[in-house]
Amino acid sequence: MTQAEKELRFQEKIDREIKIEPNDWMPDEYRQTLVRQISQHAHSEVVGMLPEGNWITRAPNLRRKAVLLAKVQDEAGHGLYLYSAVETLGTSREQTIDDLHSGKAKYSSIFNYPALTWADIGTIGWLVDGAAIMNQVALCRTSYGPYARAMVKICKEESFHQRQGYESLIKLCNGTPQQKAMAQDAMNRFWWPALMMFGPSDAESTHSDQSIKWKIKRFTNDELRQSFVDATVPQAEILGLTIPDSNLKWNEERGHYDFSEIDWNEFWQVVKGNGPCNKERLAARVKAKEEGAWVREAASAFAKKRAMKKSA
Amino acid sequence: MSTIEWPLWEVFIRSKQGLNHKHVGSLRAPDATLALENARDVYTRRSEGISIWVVESAHIHATDIDDAASFFEPSDTKIYRHPTFYEVPDGVKHM
C-alpha cells in the first residue's frame with residue numbers, strides 16, 4: 001500500500017469514528033501531534049500539583065486539608081494516566097520527562113501564576129479545574145483510544161475538584177468582608193489566566209485545523225473558551241463576585257456572553273518562560289527528579305537482589 | 001545521572017465478586033510488590049476494586065494488527081453460528 005493510500009484509509013477510519021489504537025498505522029504528524037499534546041497535558045497535571053501542594057500544610061482546617069491532599073493525589077494519578085498514554089506512541093517515559101525539564105515541552109501556563117492566598121486555592125479549583133474540565137470533557141471523544149480512555153477516567157475524578165473549590169469560595173464569600181475581599185482579589189488575578197488556558201485564538205492557532213480533521217480535537221479553542229465564559233458567569237453571580245471585565249455582557253443575538261480581548265502579549269510572554277513562576281516550577285520538577293534518583297535506584301537494586309535470591 | 005528504566009506493568013482490576021478482572025491501564029514499577037501497591041494508589045482511589053492483577057507488559061503476546069483481517073476471517077464468514085441465521089415459524093415460543 002502506498003503512503004497516500006494508507007493516509008486515505010486512516011482518514012476513513014477517523015471519519016467513521018473508529019478509534020486509533022497504539023499498533024495501528026498512523027501518519028507521523030498525527031503521532032507527533034499526540035505526543036506533543038498528551039505530554040503537555042501530563043506535565044500540566046504534574047506541575048499543577050506545585051501551587052496547591054504549597055498550601056496543604058496551611059489549609060485552614062482538617063477537612064480542607066484532607067480534601068486538598070486528595071485533589072493533589074488525583075493530579076499525580078492523572079499525570080500517570082497521561083504519561084502511560086504518551087508511552088503507547090513509542091516515546092520513552094524518561095525522554096518525555098526530560099523534555100519538560102529541558103524546556104522543550106510545555107505545560108499549561110496557568111501554573112506559572114503563584115497561589116498567594118487561601119482564596120487562590122478555591123479559585124483554582126473553581127476556575128482552573130473548571131476550564132480544564134471544559135477541555136477534557138471534549139477530549140473524552142478524541143480519536144486516539146488510549147488518550148480517550150485516560151480522559152474518561154480523569155473527567156470522572158475531576159468534577160470533585162471543581163466542586164470543592166466552589167464550595168470553599170461560597171464559605172469565603174459568605175464570611176467576613178475581609179474574606180470576601182480575598183475571594184474577589186483571587187478572582188481578579190485568575191480570571192484572565194483561566195481564559196488563556198484554552199490557548200491562542202482560532203486565527204492564531206497553528207495546529208487547530210488538522211487536529212479537528214483528525215478528531216484529536218472536537219472543538220476549537222475559541223468555542224471552548226466561549227462555553228467556559230457562558231457557564232462561569234452565572235456561577236460568579238451566585239458567589240457575588242465581579243468578573244474583572246467591563247465589556248462582559250450577555251449578547252441576546254448570539255446567545256452568548258461577549259467579553260474583552262485577551263492580553264495576548266501576556267499570554268505569549270508566559271508561554272515563552274517569562275511568567276511569574278516559570279523558573280521556580282521547572283526548578284522544583286528538576287530537583288524532585290534528581291533528589292528522588294537514589295530511591296528509584298535503590299528500588300531497582302532491591303528488586304534485582306530479591307529476584308536473584310528467588311532463582312538461587 | 002541516568003536511571004535504569006523500571007519495567008512496564010499492565011494493570012487488571014476486579015471491581016466486585018462475580019466480574020472479570022478488566023484491563024485499566026499501565027504503570028512502571030521495579031517489582032511486582034511495588035507494582036501492586038502503585039496500582040492500588042493510582043487505579044483504586046475510589047473503591048474501584050477488590051482484587052488487582054499486574055502483568056509485566058513484556059510477557060503479553062498479542063495478535064498482529066496487520067494480519068487481523070485474515071486471522072479473524074474464519075469467524076466472520078460463519079453466520080450460521082448466530083441464532084438469527086435460522087428461521088422459526090411465527091408462534092413458536094421460548095426459542
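The values are calculated or read from the model by the stated rules, or taken from the named source; none is laboratory data. Note that the coordinates shown come from a computational prediction; the quantities given were computed from them, not determined experimentally. Don't worry about glycine lacking a Cβ; one is built from the backbone with ideal geometry, like all the others, and counts go over all protein chains shown.
Observations on the structure shown:
- Out of A:Arg64, A:Arg31, A:Arg36, sole residue that is away from chain B (no Cβ under 11 Å), crowded, with 19+ Cβ neighbours inside 10 Å and in a helix (DSSP H, G or I): A:Arg64
- Qualifying residues in region A:247-276 (those that are under 21 Å from A:Met187 (Cα atoms) and charged (D, E, K, R)) - the one surrounded by the fewest Cβ atoms within 10 Å (Cβ to Cβ): A:Glu261
- Hey, A:Arg163 surrounded by fewer than 18 Cβ atoms within 10 Å (Cβ to Cβ), within 30 Å of A:Asp28 (Cα to Cα) and more than 13 Å from the chain's Cα centre (by Cα) or not: no
- Some residue of region A:112-132 being buried (at least 19 other Cβ atoms within 10 Å of the Cβ), touching a Cys at 6+ places or on another chain (Cβ under 9 Å), closer than 19 Å to A:Trp55 by Cβ and modelled with pLDDT of 95 or more: yes
- Any chance B:His59 is loosely packed, with under 10 Cβ neighbours inside 10 Å and under 30 Å from A:Lys310 (Cα atoms): yes
- Any hit, region A:168-177, residues being modelled with pLDDT of 95 or more and either among the β-branched types (Val, Ile, Thr) or under 18 Å from A:Phe111 (Cβ atoms) (or both): yes
- Any hit, region B:23-41, residues being touching a Lys or Arg at 6+ places or on another chain (Cβ under 6 Å), modelled with pLDDT of 95 or more, of a type outside the set (Phe, Trp, Tyr) and surrounded by 12 or more Cβ atoms within 10 Å (Cβ to Cβ): no
- Residues (among the hydrophobic types (A, V, I, L, M, F, W, C) and either at pLDDT below 95 or out of contact with any helix residue (DSSP H, G or I) (no Cβ under 9 Å at 6 or more places or on another chain) (or both)) located in region A:192-215: A:Ala203, A:Ile212
- Residue list for region B:17-37, restricted to those being polar (S, T, N, Q) and either within 12 Å of chain A (Cβ to nearest Cβ) or touching a residue at least 12 places away in the same chain (Cβ under 8 Å) (or both): B:Gln17, B:Ser26, B:Thr33
- Residues of region A:277-312 that turn out to be surrounded by fewer than 11 Cβ atoms within 10 Å (Cβ to Cβ) and away from chain B (no Cβ under 14 Å), as a count: 1
- Test: A:Pro244 is surrounded by 14 or more Cβ atoms within 10 Å (Cβ to Cβ) and either away from every other protein chain (no Cβ under 14 Å) or part of a helix (DSSP H, G or I) (or both): yes
- From the options B:Arg46, B:Arg40, B:Arg14, B:Arg81, residue that is within 9 Å of chain A (Cβ to nearest Cβ), free of Cβ contacts under 8 Å to residues at least 60 places away in the same chain and closer than 28 Å to A:Glu21 by Cβ: B:Arg46
- Among all positions in region A:141-148, there is no residue which is free of Cβ contacts under 8 Å to residues at least 40 places away in the same chain and more than 22 Å from B:Arg46 (Cα to Cα).
- Candidates A:Leu8, A:Leu80, filtered to the one that is within 14 Å of chain B (Cβ to nearest Cβ) and in a helix (DSSP H, G or I): A:Leu80
- For A:Thr91, the conditions (1) of a type outside the set (A, V, I, L, M, F, W, C); (2) buried (at least 19 other Cβ atoms within 10 Å of the Cβ); (3) more than 10 Å from chain B (Cβ to nearest Cβ); (4) under 30 Å from A:Gln210 (Cα atoms) all hold with the exception of (2).
- Looking only at region A:209-218, and only at residues there that are surrounded by fewer than 18 Cβ atoms within 10 Å (Cβ to Cβ) and of a type outside the set (Lys, Arg), the one that is nearest to the chain's Cα centre (by Cα): A:Ile212
- Taking (1) over 22 Å from the mean Cα position of the chain (by Cα); (2) of a type outside the set (A, V, I, L, M, F, W, C); (3) within 19 Å of A:Glu87 (Cβ to Cβ); (4) in a helix (DSSP H, G or I) in turn, A:Asp24 satisfies each apart from (4).
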